[in-house]
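The values are calculated or read from the model by the stated rules, or taken from the named source; none is laboratory data. All of these numbers come straight from a predicted model, not from anything done at the bench. Glycine also receives a Cβ, built like all others from the backbone with ideal geometry; neighbour counts cover every protein chain displayed. For accessibility, only protein heavy atoms count, side chains too; no ligands or nucleic acids. Shrake-Rupley method; radii C 1.70, N 1.55, O 1.52, S 1.80 Å.
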Amino acid sequence: MTNTGTECLLLGITGGISAYKSVELARLLVASGARVRVVMTEAATRFVTPLTFQAVTGNPVHCHLFDEEYEAAMGHIELARWADQMLIAPATADFLARMAQGLADDLLSTLYLASSVPVSVVPAMNVHMWRHAAVQQNLSVLASRGVNILGPDSGAQACGDAGPGRMLEPTDIVAALGSLNHRGMFAGNKVLVTAGPTQEAIDPVRFVGNRSSGKMGFALAEAFVREGAEVVLVSGPVALNTPPGVRRVNVQTALQMHGAVFENIKKTDIFAGCAAVADYRPELPEGQKIKKTSERLALNLVRNPDILAEVAALKDGPYTLGFAAETENLAENARAKLLAKKLNMLAANPVGDNLGFERDDNSLLVIWPGGEKQLPVQDKGALAQSLLGILEQQYQAHVGHVKGS
Ligand code: PMT
């Protein structure tokens, strides 16, 4: 196995300006230990010559469906069988449309239909083309058939426009393939993560909220995907992009979060409650903006449901990982919450004084019945990964215990 996790990789090149980047991509794939065979569409050969890819991969490049020389050496069905994986980079709007339609009018589109291996596409096109409903619809069709869509990047484009549509950089493509092929600690597990704050309306323009940015919960969702889990992320209002591979459900209030969690909780193996859910909401939000007429204003608040505690109380429910945000007596309060909510595990972080919330880094005291571990201050991405290491051990022990009992 290579560090992309694949042995025989069929690299398809379609006709876009970013085809030049695929030379470096092919080089990196070969350097990672993969055996690479390149298939180019007619249009792709106008941007880069087949000879370039032949030199980089050390293998002949295939361009035509009806080519006696290539068919004699390796027929196209054989080529489809040879591959462990197909990667199409760049994938133009036209080629994505042909894949979605199931057309087989050239070698690459025929190979796509003839092969049953995992397929990844790296879209590259002008920003307006990328945003067109037809392109988005074709991508949804492909995603629903299990095609991995890697990228695109956003930024300046060769045509002078700027925005999403740029092909991912070769190093990012190689890394993305590595994570796709890495089976991971939570392969086969369904995970539900909550993240971000909730906002509880006072009137149409004001709300009761908190400082959660969603960074910790999103990092956790991303780490779970990297480790092979199928992840649903129920998120309050945050300004973060959805990590690739995550199914995101947006909510605003605690009641909506409660609804979204219980709609998705069935068959969930692990529930990770990282959201800072408002404990209280205004009892009767005003229908119109409150006017500044009195010196004092009292808000009447009522309790929100405790989502985590309700999930933990489910019969045959998921393994529950709660979070605790504490401004004092971290360990003591965390242990009390673990017991009170009957959780399997709790990750407690100090907050206030510019800690925990909003920052890119954090520290966690992870506790479970019978053990604890302190994870020092580090980037939330790295912290999430370390937390999953602890979680995996405890989760496996829990599964073994449940099966044995
Ligand atoms: O989003 P960031 O800016 O990255 O910050 C990360 C974080 C500090 C928000 C995160 O690490 C964290 O601590 N999240 C939990 C915050 C919190 O609400 O803690 P709590 O002690 O009030 O709640 C305990 C647990 O019960 C939490 O898992 C919470 O999701 C859950 N809860 C709380 C109230 C409620 N009504 N329903 C719940 O499910």
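Summary table below
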item: Output for segment 7-25, where each listed residue is in contact with a strand residue (DSSP E or B) (Cβ under 8 Å, 6 or more places away or on another chain), assigned to a loop (DSSP other than H, G, I, E, B) and closer than 23 Å to Trp130 by Cα; result: Thr14, Gly16
item: Test result for Ala201, without any contact (Cβ under 8 Å) to a residue 12 or more places away in the chain and away from the ligand (no atom under 15 Å from the Cβ); result: no
item: Inter-residue pairs, beta-carbon under 6 Å, first in contact (Cβ under 8 Å) with a residue 60 or more places away in the chain and in segment 227-255, second part of a loop (DSSP other than H, G, I, E, B), 6+ apart; result: Glu227/Gly184; Glu227/Met185; Glu227/Phe186
item: Residue within segment 325-340 that is within 28 Å of the chain's Cα centre (by Cα), closer than 24 Å to Glu227 by Cβ and either of a type in the set (A, V, I, L, M) or modelled with pLDDT of 95 or more (or both) present; result: no
item: Subset of segment 296-311 (residues that are more than 9 Å from the ligand (Cβ to nearest atom) and out of contact with any Lys or Arg (no Cβ under 9 Å at 6 or more places or on another chain)); result: Arg296, Leu297, Ala298, Leu299, Asn300
item: Count of residues meeting criterion [under 30 Å from Gln256 (Cβ atoms), in a strand (DSSP E or B) and open to solvent by less than 20 Å² (accessible area, probe 1.4 Å)] in segment 159-211; result: 7
item: Checklist (1) surrounded by 12 or more Cβ atoms within 10 Å (Cβ to Cβ); (2) out of contact with any Ser or Thr (no Cβ under 9 Å at 6 or more places or on another chain); (3) of a type outside the set (A, V, I, L, M, F, W, C) applied to Lys341, failing item; result: (2)
item: Residues of segment 238-295 satisfying the condition of being in a strand (DSSP E or B), open to solvent by less than 60 Å² (accessible area, probe 1.4 Å) and away from the ligand (no atom under 14 Å from the Cβ); result: Val246, Val249, Pro282
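Yes/no per residue for (1) open to solvent by 80 Å² or more (accessible area, probe 1.4 Å); (2) outside any helix (DSSP H, G or I); (3) farther than 23 Å from Phe218 by Cβ:
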site: Glu328; (1), (2), (3): yes, yes, yes
site: Glu332; (1), (2), (3): yes, no, yes
site: Ala348; (1), (2), (3): no, yes, no
site: Glu358; (1), (2), (3): yes, yes, no
site: Leu365; (1), (2), (3): no, yes, no
site: Val377; (1), (2), (3): yes, yes, no
site: Gln393; (1), (2), (3): yes, no, yes
site: His401; (1), (2), (3): yes, no, yes
